1. Among the candidates Ile15, Ile65, Ile28, single out the residue that is more than 29 Å from Pro86 (Cα to Cα) and not in a strand (DSSP E or B).
2. I'm checking my understanding of the structure. Among residues of the stretch 25-44 that are out of contact with any Phe, Trp or Tyr (no Cβ under 8 Å at 6 or more places or on another chain) and open to solvent by less than 80 Å² (accessible area, probe 1.4 Å), which one is farthest from Gly57 (Cα to Cα)?
3. From the list Glu77, Glu87, exactly one residue is of a type in the set (Asp, Glu), at pLDDT below 90 and not in a strand (DSSP E or B). Which is it?
4. If you take the residues of the stretch 68-87 that are of a type in the set (Asp, Glu) and touching a helix residue (DSSP H, G or I) at 6+ places or on another chain (Cβ under 9 Å), which of them is nearest to Gly58 (Cα to Cα)?
5. Confirm whether Ala21 is part of a helix (DSSP H, G or I), modelled with pLDDT under 90 and not β-branched (Val, Ile, Thr).
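The values are calculated or read from the model by the stated rules, or taken from the named source; none is laboratory data. Remember, it's a predicted structure, so these values are computed and weren't measured experimentally. Positions of Cβ are generated from backbone atoms using ideal geometry, with glycine treated the same way; all protein chains shown enter the neighbour counts. Accessible surface is based on the protein model in full, side chains and every heavy atom, while ligands, DNA and RNA are left aside. Shrake-Rupley method; radii C 1.70, N 1.55, O 1.52, S 1.80 Å.
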Amino acid sequence: MDVESYATQAAFELIAPTLLANGRDQNIALVDIGAHATHLYVLRNNQFLFSRDQASGGNQLTHDIQRAFNLSPEEAEAAKRAGGLPE
């Protein structure tokens, strides 16, 4: 059973009331950035139109920041969350 699609549908149902016309007749993108993977979903009228998985997530970004700026893992995580890193 594909639990992720049900969780994504439930997430959309939680945010739909905050959208114009409850999200009806609109293309809605949901992005789930996890520790190890990023998932992109496009929905329209509660139907999945497109989904894509990318095998990089928050941990990879933290590691890349750590390496690029010569930071400890803790410093890289804090910098990622706070922003403000040089371009």
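1. Result of the check over Ile15, Ile65, Ile28: Ile15.
2. Gln26
3. Glu87
4. Here the answer is Glu77.
5. So Ala21 does not fit the description; no.
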